[in-house]
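K.L.:
Quick one: structure below, then a few questions.
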Amino acid sequence: MSLEQVRCTMDGYFNAMGGGDDFSKFYTANVRWIMIESAQEVHGPSAVRDYILALHGKMFGHRQRQLVVADGHAYLEGDCVDQPDVNEPRYVYCLVYDLDGDRIRDMRCYGSIARLMTDAQAAQS
């Protein structure tokens, strides 16, 4: 997979997400979200989309680094707080996207951001 193909897929994904579109169309049928620090896993396009939306609803003061792409992978780092109008503590993350063709197959999230989502919330997603 070329770097241009990865970039095109990821740009489409983030544009859909930012535009309020159903970004689950960028996932494979067996997509997985894996929160490494807490060992939470969510499977399937709709469940992963809903989990990400719930997580984003808990993220404030978001700062994101530039997306980095590689052959079949993309990497994104950032941090946030868990309440509006506060600056600390900051929850950090690094997302690793594994692509299968023009679809996202796995997303592995590393970092303290896992503390924003409980096991019960993951099970509901």
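K.L.:
Tell me which label goes with the value of Rg/Rh (Cα atoms, Kirkwood Rh) computed from the coordinates here: (i) 0.95; (ii) 1.50; (iii) 0.92.
P.N.:
Among (i) 0.95; (ii) 1.50; (iii) 0.92, the one derived from this structure is (i).
K.L.:
Okay, moving on. May I ask you to sort THR9, THR118 by Cβ crowding, counting other Cβ atoms within 10 Å and putting the fewest first?
P.N.:
THR118, THR9
K.L.:
What distance in nm separates the two pseudo spin-label positions at LYS58 and TYR110, each 7 Å out from Cα along the beta-carbon direction?
P.N.:
Result for the modelled spin labels: 2.1 nm.
K.L.:
Can you give the angle from 0 to 90° between the axis of helix 45-56 and the longest principal axis of the chain, with both taken from C-alpha atoms, to the nearest 10?
P.N.:
40
K.L.:
Right, another one. Could you work out how far helix 3-18 tilts from the main Cα principal axis of the chain, as a 0 to 90 degree angle to the nearest 10?
P.N.:
With rounding to tens, the tilt is 50 degrees.
K.L.:
Restricting to DSSP H runs of at least four residues, report the calculated mean residue ellipticity at 222 nm for the chain, -39500 (n - 2.57) per run over all residues, nearest 500 deg cm²/dmol.
P.N.:
Result for the chain: -8500 deg cm²/dmol, rounded to the nearest 500.
K.L.:
What full-extension length gain, to one decimal in nm, is calculated for CYS8 and ARG103 as 0.36 nm per residue of separation minus the Cα-Cα distance?
P.N.:
33.1 nm is the gain from fully extending CYS8 to ARG103.
K.L.:
Next question. Take the chain, connect every pair of alpha-carbon atoms lying under 10 Å apart with a spring to form a Gaussian network, then pick out the residue of MET107, MET17, MET35 with the largest mean-square fluctuation.
P.N.:
Checking each option, the largest mean-square fluctuation is seen for MET17.
Since every read-out is calculated from the coordinates, none of them should be taken as a lab result. Here the structure is a predicted model, which is why all the values come from computation and not from measurement. Ideal geometry is used to build each Cβ from the backbone, glycine not excepted, and the neighbour counts take in all protein chains shown.
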